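J.: Pasting a structure here, questions to come.
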Amino acid sequence: MHWMRGRSWRRGLLLAAWWGLVGCADPSDGGTSSAEGGTSSAEGGTSSATADGTATASSSAETSGTTGDIGDPLAPCEDPQPILQLDVDPPIASGFVTCADGRTVRDVGTTCDSPVAPGDCTLEPEVGSCTSDADCGVAGACVTMSGGPGQSCGCVTACVTDDDCGDGYACACAGVLGRSTCIPAVCRTNADCGDGLCRFVTHRTSCDGAPRLACTSAADTCVFDEACENYDEACYPGDGIFECVAEDCA
């Protein structure tokens, strides 16, 4: 009996010792240690990824001359959608197309079939440069010009083809603008621009929108207005390139 009791007592000691050893290697501690090791590894990875990612992003922006901010000036016009002439049935393309990224370019020249819209200016004679369409020539119209301190009357030249507009201008059919109008143009179609596009733009703070056509190039310092820091600036043809240009409508 005493022998059995002693044997049981010794067995209890052995079990206690075994559990004590297991307790020293507590799985939660081991997990914490492993987790900490994992966290350390992850932090190292995060640190490495952050450092590499930042360096990569910075390198990418610097490589392209801040293309991360301005976009690619020579990006092709993807998924071009034709801008149709106004009030023409059946619909006829204007030669201008809208690209998937929102840019508008002139792909080909065309004939404007939209009827020439009569002038709409009815302001007092002393406000502006015309009082009726007769003051604006055979193909002109006296229209309301918005902006600045108020409205005024001004002449716009209606057109049917580019030939109606003379050198340095192109005919934008009604549909591109509210009426067929000659606009300043460094180019008339994409074919005039080499690797670039013949892009149609307006200035967001100009009194009359200042529509025009100009070639894009690798030297451009912007593609969209968002690249410009100040509200009165727009990505617009400047000194031979597209750059942030300020317009003051006053």
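J.: Can you confirm whether segment 189-209 contains a residue that is at pLDDT 95 or above, farther than 19 Å from residue 93 by Cβ and in contact with an Asp or Glu (Cβ under 8 Å, 6 or more places away or on another chain)?
T.: no
J.: Could you please give the count of residues in segment 202-226 that are crowded, with 21+ Cβ neighbours inside 10 Å and under 16 Å from the mean Cα position of the chain (by Cα)?
T.: Total satisfying the criteria: 5.
J.: Specify the residue that is modelled with the highest pLDDT; the eligible residues are those in segment 62-97 that are within 19 Å of residue 227 (Cα to Cα) and acidic (Asp, Glu).
T.: Among residues in segment 62-97 that are within 19 Å of residue 227 (Cα to Cα) and acidic (Asp, Glu), the one modelled with the highest pLDDT is 72.
J.: Here is a further query. Out of segment 92-113, which residues are assigned to a loop (DSSP other than H, G, I, E, B) and either outside the structural domain of residue 213 (by TED's automatic domain parsing) or of a type outside the set (S, T, N, Q) (or both)?
T.: Here is the first cut: in segment 92-113, the residues assigned to a loop (DSSP other than H, G, I, E, B) are 92, 99-103, 107-113.
Correct list: 92, 99, 100, 101, 102, 103, 107, 108, 109, 112, 113.
J.: Would you pick out the residues in segment 218-235 that are over 18 Å from residue 193 (Cβ atoms), among the acidic types (Asp, Glu) and in a loop (DSSP other than H, G, I, E, B)?
T.: 229, 232
J.: Of the residues 160, 143, 156, only one is at pLDDT 90 or above and closer than 28 Å to residue 110 by Cβ; which?
T.: Going through 160, 143, 156 in turn, the sole match is 160.
J.: Just to verify a result, which residue in segment 182-201, among those that are in a strand (DSSP E or B) and in contact with a Gly (Cβ under 9 Å, 6 or more places away or on another chain), is surrounded by the fewest Cβ atoms within 10 Å (Cβ to Cβ)?
T.: Among them, the one singled out is 184.
J.: If you check residue 132 against the conditions, is it touching a Gly at 6+ places or on another chain (Cβ under 9 Å) and either at pLDDT 80 or above or more than 18 Å from residue 247 (Cβ to Cβ) (or both)?
T.: yes
J.: Name the pairs whose Cβ atoms lie under 7 Å apart, with the first residue in segment 111-123 and closer than 23 Å to residue 161 by Cα, the second modelled with pLDDT of 80 or more and loosely packed, with under 13 Cβ neighbours inside 10 Å, and 6 or more positions between them or separate chains?
T.: Close Cβ pairs satisfying both conditions: 114/87; 115/87.
The values are calculated or read from the model by the stated rules, or taken from the named source; none is laboratory data. As the structure is a computational prediction, the values presented were derived from the model and not from experiment. Note that we place each Cβ from the backbone using ideal geometry, even for glycine, and neighbour counts take in every protein chain shown.
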